[in-house]
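We did not get these values from a lab; they are worked out from the coordinates using the rules stated. Only a predicted model underlies this, so the values are computations on that prediction, with no experimental measurement involved. Here the Cβ positions follow ideal geometry from the backbone for every residue, glycine too, while neighbour counts run over all protein chains shown.
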Amino acid sequence: MNSDDPSPFTTNPSLVKTMIQYLYDHGASDVTVADLSGIPWQPTSKCLKAAGIESAALEAQANIIALDDVEWIKISLNGAKYLKEVRIPAIINEYDVLVSLPMVKPIGMPPTLCLLKHGGASEQR
């Protein structure tokens, strides 16, 4: 999620809840929703509450983590031509499966113009 704007400008809480239920229905024993808001809108925990993501995740029996509240580590991208290292949340190593949930959002006129937004992460220290 980028900000605390309501859907369709951020992830739809019902989509998050449906995905959690899908994961449990297909064998997941524990599900965690993790997100990082854009720097101007942090703390992410505030955005997760305002956008309804926190309540949707908790209703679906998932854990929830704001990624600006966890440690980040640098990893090397061996053999990469341009981007030699990236920072990732250290907790990523605690999970067996990662599901990235992109969103489709309107970006302005005309009304049929949309953007498929898929997350990237940044950290300001």
Using Cα pairs under 8 angstrom and six or more residues apart, how large is the relative contact order of the range 13-117, in percent?
19 percent
Return, ordered by residue number, the residues of the range 84-101 whose backbone nitrogen is under 11 Å from a label point located 7 Å along Cα→Cβ of Asn78.
none
Length gained, Ala28-Lys46, 0.36 nm per residue minus C-alpha separation, equals 3.8 nm
For peptides 61-68, 74-81, sequence by mean Cβ density within 10 Å, most packed first:
61-68, 74-81
